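See below for the structure under consideration.
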Amino acid sequence: MRLLVIEDEEDLAKAIAKGLSRQGYSVDAAGNGEEGLKLADENEYDMVILDLNLPGLDGLAVLQRMRATRPGILVLILTARGSPGDRVAGLDLGADDYLVKPFHFDELCARLRALLRRDMRVREPILRWDDLALDPATHSAWRGKRRLVLTRREFAILEYLMRHPGEVVSQEEFLEHVWGEEADPFSNVVRVHINSLRQKLDDDAQHPRYIGTVIGTGYRLEPTGEARAT
């Protein structure tokens, strides 16, 4: 899952991003509304955490413009404005939830999970490929009837592959969507996690059933059933 935090308090934005990254999310941060809108236009995010008291373009204006161009994106307002009028204005403009500062980080995480579960049920409850099944709402995965025990990064890699069936996914795409701003383009972290995921799938890199390597390009899910046999 990839999140965008739009927050002008730099220390708070870093703390939120760091905490959510430890929860397995890929997180980008913007310090003002204009930067946030630019990132939202350039990238695919599952959710935006939006402050209202932003320099320049106000958070409500950001929300209004974001809803006009990205109507399906989830938005959680995180702000010090806690009056009923502020809450009503934010929700009426299209926010999916509203959390007032100061807040507990555990509550923020719980609200994110609740929104994502609700959104996944609407979009696509279970992802399937061959005998693999993955439930993004509960972070559960199976191979046949066997439950897979995956780390958050492994789960995110498998989810991204299953959301792009038949496509070759480059290392750069994985770094962007799974690691976000924490990504080091010169590391071998993607290959390490792919190898670990293959081991848990009992997959052979030389004769893959699930995750194939396209040399010099990236990785893809191998064809299934009759498509594999042709």
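Bear in mind these aren't lab numbers, they're just calculated from the coordinates by the rules spelled out. Here the structure is a predicted model, which is why all the values come from computation and not from measurement. Here Cβ is always computed from backbone atoms with ideal geometry, including for glycine, and neighbour counts include all displayed protein chains.
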From DSSP H assignment alone, runs of 4+ in the chain each adding -39500 (n - 2.57), the sum over residues rounded to the nearest 500 puts [θ] at 222 nm at -12000 deg cm²/dmol
Counting DSSP beta bridges in the chain, what percent are antiparallel, to the nearest 5?
45 percent
Report the relative contact order of the chain, percent, no decimals, based on alpha-carbon pairs under 8 angstrom and at least 6 residues apart.
15 percent
About the Cα centre of the chain, how large is the charge dipole given +1 on each Lys and Arg Cβ and -1 on each Asp and Glu Cβ? Please answer in debye to the nearest 20.
1040 debye
Please give the charge dipole size of the stretch 25-96, origin at the Cα centre, charges +1 on K and R Cβ atoms and -1 on D and E Cβ atoms. Round to the nearest 20 debye.
240 debye
So what's the projected area for the stretch 77-116, the Cα convex hull averaged over all directions, in nm²?
2.7 nm²
Stretch residue 61-residue 114 to full length: gain in nm at 0.36 nm per residue minus the Cα-Cα span?
16.6 nm
Would you work out which of 207, 32, 77 lies farthest towards the positive end of the dipole of the chain, given +1 charges on the beta-carbon of Lys and Arg and -1 on that of Asp and Glu, about the Cα centre?
207
Set of lysines near residue 14 by C-alpha distance (under 22 Å), chain-local residues within fewer than 8 positions excluded:
38, 101
Leaving out same-chain residues fewer than 8 places away, which lysines sit with a Cα under 22 Å from that of residue 145?
200
What percent do you get for the relative contact order of the stretch 51-135 when only Cα pairs under 8 Å and 6+ apart count?
22 percent
